[in-house]
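In what follows, a structure is listed as structure tokens, so that the remarks can point back to it.
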Amino acid sequence: MPLNIGIIGFQGDVSEHAELLKKAANKLEVEVSVHEVRNRTQLDSVEALIIPGGESTTMFKLLKLYSMYDKIIELAKNGLPVMGTCAGLILISSKTNDERVEGMGLIDTEIERNAYGRQIDSFMDDIDIKGIGKYKAVFIRAPVISKPGKADVLAEYKNKPVMVGQGKVLGLTFHPELTKDTRVHEYFIKMIEGEGSTSSGDL
Amino acid sequence: MSTDISQLRFGEELIKRGFAKMTKGGVIMDVTTAEQAKIAEDAGAVAVMALERVPADIRAAGGVARMADPEKIKEILNSVSIPVMAKVRIGHVSEGYTLEALGVDMLDESEVLTPADPFFHVYKKQLKVPVVCGARTLPEAVRRIVEGAAMIRTKGEAGTGNVVEAVRHIRMVNEEIGIIKDLSQEELKKVSEKVAENYRVLRKTASEDLFGDENYLTGYNLFYGQNLEKMEAEVLKVLKEVRRLGRLPVVNFAAGGVATPADGALMMKLGMDGVFVGSGIFKSTDPKRMAKAVVEAVENYEDYKIIGNVSSGLSGMQGMEIEKMPKEQRLQERGW
């Protein structure tokens, strides 16, 4: 049976995640089946979930509207592996410091939205990811992880964490899906398969 | 592994196009006040377009429509957390840099404003912020991408509440992409020469003026120091990308005339990446409900029960029949 991975599919760079995930799986010789998830029922069949980049306010409203928000929390508590990139990280964080978006608390990490500034301040630079190595990261109107809490810091940029992991949950302030580099998605697949979960354990 | 990205730096294509990708599947709404911006954000818009007047009012007012008052833009920038876009006149580089300096997240080089340059659009590669441009056809879209547009939208016919022109432009671009997909190298080269031809208009006009022969002077310095060969090569590069991908290489939205939730759904059904709604929200009788309804319809564009539910008792703005409109009043004729 292929590994069934869902991507929250309302909005954002959904197809980019799907494409890179398939490439990563191919490299690892793991069979995956990737689905866009747009309603509560579709959440039932996924074995792992990606919340992509996009607008966190928009995704938050739609996840609430279609009763998916609480369901994701419940599934994650029962061990569903989740990766959130940028807007996705904001949604899975424990605190967003913005009344417009409430974090799910899947990872014990505090966020400041748009902390680097506006689009003109978006950038690309080298980071070093634990277990992956040197990596070119793309930051677009990125949030800042102000307090990683109990999560493991897997990468930093200018002394601020940019990638954190806790149990089977991964959060990134940057966008691996915008590049051709499959290593972060490979890391996530290995984590799903139980080889790469980070040390901090449950919340 | 990360092949072509090592040479890209701040403000370059990947970051600009990447920003546009974050809006995919969403609705971008025209707003004229901080209060409207908050309504749009609350409804789930992925970005707002900051304006002094919505297109329907610009159309009604007539005269020269320019970049919005920076004070208005700042007011809107400060009121929401979602990205804020603003319109720049076609070819008005200085308005472009001014908006960039204000902190606007994306510019819309828009035919809704009065064009400032009769010969050239803005050379968008020189700006750090991403720019979206309107297009009615594939050649228009390709030229804008060559100039550095990070996103394309249909022109439609703004401020009319009538989607027929947006649909025309979607169908036209899709048809042309379908044709491109099957072309040989040689045929594609031919198309690229035709597409690049428009960059020669200024040179031809000057040549005619000085020598009475529009082809007496040819070649060099056609567009920001680039010669015809360079422009043709750039056009060919984008056309090859279109052929390989079977779609535009940048995010492609619908715009111009979307007035109801079902209109939004239709745009998605026709394969668009998302929808701009200009006058359709705040010229409707219940903007709050309309804003939410359009977002829900776009997100669930094939779930007709949801579209029926959100549309119930909701009336769209007063529309205009475009057939009866004199050509000079059609905003889509602006730009090339």
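The values are calculated or read from the model by the stated rules, or taken from the named source; none is laboratory data. Keep in mind it's a predicted model, so treat the numbers as computed, not measured. FYI the Cβ positions are ideal-geometry reconstructions off the backbone, even for glycines, and counts take in every protein chain you see.
Below are the figures for this structure:
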{"quantity": "Condition broken by A:E19, with the remaining ones in (1) within 11 Å of chain B (Cβ to nearest Cβ); (2) out of contact with any helix residue (DSSP H, G or I) (no Cβ under 7 Å at 6 or more places or on another chain) satisfied", "calculated": "(1)"}
{"quantity": "Number of the exception - B:E296 against (1) within 21 Å of A:L65 (Cβ to Cβ); (2) among the acidic types (D, E); (3) part of a loop (DSSP other than H, G, I, E, B)", "calculated": "(3)"}
{"quantity": "Any hit, segment B:249-264, residues being of a type outside the set (K, R) and more than 29 Å from B:A158 (Cβ to Cβ)", "calculated": "no"}
{"quantity": "Residues that are within 13 Å of B:I90 (Cα to Cα) and not hydrophobic (A, V, I, L, M, F, W, C), drawn from segment B:122-139", "calculated": "B:Y123, B:K124, B:G134"}
{"quantity": "Pairs, first farther than 15 Å from B:H121 by Cβ in segment B:197-209, second modelled with pLDDT of 90 or more and loosely packed, with under 15 Cβ neighbours inside 10 Å, C-beta under 8 Å, six or more apart", "calculated": "B:S207/B:D213"}
{"quantity": "Criterion (touching a residue at least 60 places away in the same chain (Cβ under 8 Å), buried (at least 19 other Cβ atoms within 10 Å of the Cβ) and in contact with a Ser or Thr (Cβ under 9 Å, 6 or more places away or on another chain)) met by exactly one of B:L228, B:L248, B:L239", "calculated": "B:L239"}
{"quantity": "Where B:K292 falls short, out of the listed (1) touching a residue at least 40 places away in the same chain (Cβ under 8 Å); (2) in contact with a Pro (Cβ under 8 Å, 6 or more places away or on another chain); (3) more than 30 Å from B:H121 (Cβ to Cβ)", "calculated": "(2)"}
{"quantity": "Strands (runs of 3 or more DSSP E) fully within segment A:47-134 counting 1 or more residues that are closer than 24 Å to A:S15 by Cα and either within 14 Å of another protein chain (Cβ to nearest Cβ) or not basic (K, R) (or both)", "calculated": "A:48-51, A:82-85, A:123-129"}
{"quantity": "Residue check, A:A142 of a type in the set (A, V, I, L, M), within 14 Å of another protein chain (Cβ to nearest Cβ), touching a residue at least 40 places away in the same chain (Cβ under 8 Å) and buried (at least 24 other Cβ atoms within 10 Å of the Cβ)", "calculated": "yes"}
{"quantity": "Condition met for B:K38 (within 11 Å of chain A (Cβ to nearest Cβ), buried (at least 24 other Cβ atoms within 10 Å of the Cβ) and not in a strand (DSSP E or B))", "calculated": "no"}
{"quantity": "Some residue of segment B:94-116 being aliphatic (A, V, I, L, M), within 27 Å of B:M272 (Cβ to Cβ), assigned to a helix (DSSP H, G or I) and in contact (Cβ under 8 Å) with a residue 24 or more places away in the chain", "calculated": "yes"}
